[in-house]
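Please read the structure below before turning to the comments.
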């Protein structure tokens, strides 16, 4: 009888192990398919038409490859002078493949974030059964990648959720091999240097990611190591960041310095005093909080009013929930460490937060604070968005010690975050056979043509469709414009307009005609009444009722 009962128990255990193994296999298969599913989501969402795509994502690599710097001036506003390296593959793809192929590929690349988020979550989540652990990490990674900004950017040219890959890889490296840092003073420095190179390579191509370099450098001080060792790890990481930034951005900073005496032209020009721009920071300060109260309430404000941090509507509760838990942890810590609490002679209050959790909390808090003070543009907070669900789970573990309670609370939070997300939308259209569908009017084919752009709408994507000899100037925009105190860029454009020997045209939208007239007065131009304007409408544009116009202008007779 005993033998019979033992056989039943052994059979049941074997069945559980088989089911557990199948569950693990299913979870890992779903994880492996994440990039493909992300690519399919990009196809479902539609073809990208975002503002920055039309402004500089396509134009900047074109200008770099064909040496248009100087031939065109400020055509993409301040973004004309961004590092083009990041978008070179995109330009090549647009000129070589159908839009669907490009969208799917961009979606697949964004899907690899799920793999890295899984790897980061695996450093903490270790449940009693392996299948629970696998599915827990898959769930955290999936919810991390389902944020409002990532879903909005899948298949687009923004690149924030592709530049995130080296950053998440750097975080994973540090956490995966953190045990080596305590082995000896020299152990682990190579891992930290590689992480710095990964972080710096992203920073060199996209400057707003500097906030994550600073945050990750600061997070080393959350590890349970002697202070001097933490300090040297941070120094080695910082040197790696500088090396990576030099590899991907050094050439462009040198170019900007030689041309404009400002390595990040036109930004922070109040410091560099470049004569080619106005004296000012050129930062977009529309979304920055303006008071201490607004800073303290900012996580709630961006949740209630998404236009506080961007131009499009979205909904995501993760940052507000994370902020509430951080405040609760702060209050609990202050309560525990108040004088005379839980302490007797010769004893101290033990730390309630593991070192790896401290590392993640420091990273997220520093990154969010820098983001809020520097940009407050939600797209740039995408790394925080990715890591917020995992950080929420880590904070829940500091409040509840019971594993079952942790699991149920974690599932409830993840489900709430997943079902409440509403992604943003920067513009999509049905898939077409051509990314832009540009058919310029016959006037554009004139030889040695000078094209003058006015208004703030993005138009730089049209320039590659003009003849190679065309010169294009933006007379009025976010960088330059008619002014009583012209800078060197304005003077150069005035000189080109005054001395150009070929035909001169004005490119504007129907609602920008008044702006065109004002600019023509400043530059001594007038409409050439012998030739009417030519309307046209690229397929990528969505305001079909407001066509573009290319119209010929001439110099006014001088007394």
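The values are calculated or read from the model by the stated rules, or taken from the named source; none is laboratory data. If you're wondering where the values come from, they're calculated on a predicted model, not measured in any experiment. Positions of Cβ are backbone-derived with ideal geometry, glycine not excepted, and every protein chain shown enters the neighbour counts.
Laid out as a table, the results:
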read-out: Residue 155 part of a helix (DSSP H, G or I), touching a residue at least 24 places away in the same chain (Cβ under 8 Å), buried (at least 24 other Cβ atoms within 10 Å of the Cβ) and in contact with a helix residue (DSSP H, G or I) (Cβ under 9 Å, 6 or more places away or on another chain); value: no
read-out: Top-ranked residue of the stretch 20-63 - restricted to ones that are under 22 Å from the mean Cα position of the chain (by Cα) and under 18 Å from residue 479 (Cβ atoms), ranked as surrounded by the fewest Cβ atoms within 10 Å (Cβ to Cβ); value: 51
read-out: Residue within the stretch 328-346 that is surrounded by 15 or more Cβ atoms within 10 Å (Cβ to Cβ), modelled with pLDDT of 90 or more and either closer than 19 Å to residue 398 by Cβ or not assigned by TED's automatic domain parsing to the domain that holds residue 178 (or both) present; value: no
read-out: Residue within the stretch 307-321 that is in contact (Cβ under 8 Å) with a residue 60 or more places away in the chain, in contact with a strand residue (DSSP E or B) (Cβ under 7 Å, 6 or more places away or on another chain) and at negative phi present; value: yes
read-out: Selection count, the stretch 281-306, where residues are without any contact (Cβ under 8 Å) to a residue 12 or more places away in the chain and more than 16 Å from residue 320 (Cβ to Cβ); value: 6
read-out: Residues satisfying the stated conditions in the stretch 438-490, i.e. on the phi > 0 side of the Ramachandran plot and surrounded by fewer than 17 Cβ atoms within 10 Å (Cβ to Cβ); value: 448
read-out: Hits in the stretch 453-468 (condition: within 15 Å of residue 435 (Cα to Cα) and touching a strand residue (DSSP E or B) at 6+ places or on another chain (Cβ under 9 Å)); value: 459, 460, 462, 463
read-out: Cβ-Cβ under 7 Å pairs, at least 6 apart or on other chains, the stretch 220-240 side in the same structural domain as residue 178 (by TED's automatic domain parsing), far side loosely packed, with under 15 Cβ neighbours inside 10 Å and assigned to a helix (DSSP H, G or I); value: 222/355; 223/355; 224/355
read-out: Candidates 494, 552 - the one that is more than 28 Å from residue 50 (Cβ to Cβ) and in a helix (DSSP H, G or I); value: 494
read-out: Restricting the stretch 252-271 to residues that are in a helix (DSSP H, G or I) and touching a helix residue (DSSP H, G or I) at 6+ places or on another chain (Cβ under 8 Å), the residue that is nearest to residue 480 (Cα to Cα); value: 260
read-out: Residue within the stretch 469-481 that is closer than 23 Å to residue 436 by Cα, outside the structural domain of residue 283 (by TED's automatic domain parsing), part of a helix (DSSP H, G or I) and within 32 Å of the chain's Cα centre (by Cα) present; value: no
read-out: Test set (1) over 30 Å from residue 209 (Cα atoms); (2) modelled with pLDDT of 95 or more - residue 385 fails condition number; value: (1)
read-out: Filter pass, residue 306 being over 30 Å from residue 142 (Cα atoms) and either modelled with pLDDT under 90 or assigned by TED's automatic domain parsing to the domain that holds residue 183 (or both); value: no
read-out: Checklist (1) closer than 29 Å to residue 48 by Cα; (2) touching a residue at least 12 places away in the same chain (Cβ under 8 Å); (3) part of a helix (DSSP H, G or I) applied to residue 413, failing item; value: (1)
read-out: Some residue of the stretch 284-291 being at pLDDT below 95, surrounded by 13 or more Cβ atoms within 10 Å (Cβ to Cβ) and closer than 25 Å to residue 395 by Cβ; value: yes
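The rows are residues; the columns are (1) in contact with a strand residue (DSSP E or B) (Cβ under 7 Å, 6 or more places away or on another chain); (2) more than 28 Å from residue 457 (Cα to Cα); (3) part of a loop (DSSP other than H, G, I, E, B); (4) modelled with pLDDT under 95.
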| position | (1), (2), (3), (4) |
| --- | --- |
| 7 | no, yes, no, yes |
| 11 | no, yes, no, yes |
| 14 | no, yes, no, yes |
| 27 | no, yes, no, yes |
| 40 | no, yes, no, no |
| 52 | no, no, no, no |
| 64 | no, no, no, no |
